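Below: one structure, written as structure tokens.
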Amino acid sequence: MQVTKSILIQRALLGVFWVLGTVGFVCDELVTDVESLRTYVNLGCDAILVLLGLMSLRHRADLLSIGSLLLIAITSSLVFNSLPLMLTINGLRVFIGAMFCYPIFRYFMDEPKRRERFVKAFDKSLEMFLWLQIPCIGYQFVVYGAGDHGGGSLGNWYSGTISMMIYLISFYLIKKRINPKHFMSSILTNYKYVLLLAPTFLNETKISFVLLVLYFILLVPIGKRMFTRALFVVPVMSLLFGVGYMTYKMTYQGEVSNKSSATVSPDDVDIFSEEYLTEYVLSDVENAEEGVEWSIDNNESGLADIGRVTKFLLLPMFEEDNPGHVPLGFGVGHFKGGTKMDHSEFFEQYEWYLMGTIPYLIHIYLQLGVIGVLWFIVFLVSLFHRHPVGCSVRDLNMQVFLAILIVINFFYIENMRDPIFCIVLYGLLAMSWLPDSDSEASTD
């Protein structure tokens, strides 16, 4: 086969996917001596994604998106906050996925033959990636227990990211194989994709229970017979939910319960109780800083995290301490550094707040302010309207599932800063636009 430009981009993209998707586990568990090279590997993959994005640019809207986000980030960082140039360049890496991933996938989807070849190869990689999580998360569960170490092939501390990726990929692969006229038989025939969700119950990720419900509800084709069909999946969903909950409860290590009381036994923890959920999302606002610093001083950095709701409630603190940063934030670069480059002064001052999981909305706001938040909202909404050439038919269920996961990311976790997650998210978003029935094949 002649290596054309599109084949070169395809191979490079899949190469980046596999490197980013496995380097964490390799460095953490298999070849720990190369951990120091991990930063350079990630940097190299970022550079390749930028290059592939530039090579794939075909549409004015994509160019406008990249240019406008760069303008906001540079204005905020270099002009408004006077941050060092190298800190700004390094900080821009957290937005590489948002700027360059969608144009790459749109490039493949724009042309029929190119699209067919790429989708086949990408689907194969996605399925292999799902199977890989079984031994990886299984090993992490045996060695570390059901905790944040269960990031699968992504490595330690990526439990939330890998769980969401597993649900995204499994939903995409089974959804395209469902025949609406033979709904239940289609699910039974493709049961392996449902079973591949199992690792998500071994890594202490609470959001998996929400994703499980969404998964089965949105597998049902949206239409007049949706309610009737939903009656068939409720028993299956309930069974898996029950099995998942019992597995979770048996393997739960009491990590979060230890935050509130050392006397609480893991067996007594009910993750659906009002008390537990309140403790999980809403920690002590007034003593948040002291609580985190106490955990760090007592070598319990794994517990040094603040509830998601608490982090939102504490946002006015930044404006009180540093007036005038609401429009453009504090510039980029505060969520990078610590390995080959020093942390920013902003990070050093608010490390107690920035530790642990940061909802993506806060991640954007602190760096790019309200203007950056509005940019991301407009950008993401536009992707549900800007379809590739010859692909104007919506996979409505897929797009609803993706939209809900984006909202969850905004208020719960910061997966969308990671290129490996962006490759899956923006890739599936591009492929949620189905080919027109009269689309004609053309040459590459």
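Taking amide H as placed 1.01 Å from N in the peptide plane, the amide H of Ala146 sits under 5 Å from that of Gln253, each at least 5 places away or on another chain. Can you pull the percent of the stretch 63-120's accessible area that's carbon plus sulfur, 1.4 Å probe, other chains left in place? Ligands and nucleic acids excluded, carbon and sulfur reach 73 percent.
Taking Lys and Arg as +1 and Asp and Glu as -1, the other residues whose beta-carbon sits under 14 Å from that of Ala73 total +3.
For Tyr102, the solvent-accessible surface computed with a 1.4 Å probe is close to 0 Å², ligands and nucleic acids excluded. For Arg38, Arg177, the ranking by accessible surface with the largest value first comes to Arg177, Arg38, using a 1.4 Å probe. Between the beta carbons of Leu51 and Lys176, assuming R0 = 22 Å, the FRET efficiency works out to 0.15 to the nearest 0.05.
On full extension of the chain, what length is gained from Lys124 through Arg11, given 0.36 nm per residue of separation minus the C-alpha to C-alpha distance? Separation in residues times 0.36 nm, less the Cα-Cα distance, equals 39.4 nm.
One chain, two ends: Val407 and Val389. Fully extended at 0.36 nm per residue, the span grows by 3.8 nm beyond their Cα-Cα distance. Extension gain, Met184 to Met86, is 29.8 nm, computed as 0.36 nm per intervening residue step minus the present C-alpha separation.
Shape verdict for the stretch 82-144, please, from the Cα gyration tensor: rounded (a/c under 1.5), prolate (a/b greater than b/c) or oblate. It is oblate, given that a/c is not under 1.5 and a/b is not larger than b/c. Amide hydrogen proximity for Val393: with H placed 1.01 Å from N in the peptide plane, the residues at 5 or more positions away or on another chain lying under 5 Å are Leu434, Asp436.
The values are calculated or read from the model by the stated rules, or taken from the named source; none is laboratory data. The model shown is predicted, which means the values in this text are computed figures rather than measured ones. Methodologically, a virtual Cβ is constructed for each residue, glycine included, from the backbone with ideal geometry; neighbour enumeration extends over all protein chains shown. SASA here: full protein model, heavy atoms, side chains in, ligands and nucleic acids out. Shrake-Rupley method; radii C 1.70, N 1.55, O 1.52, S 1.80 Å.
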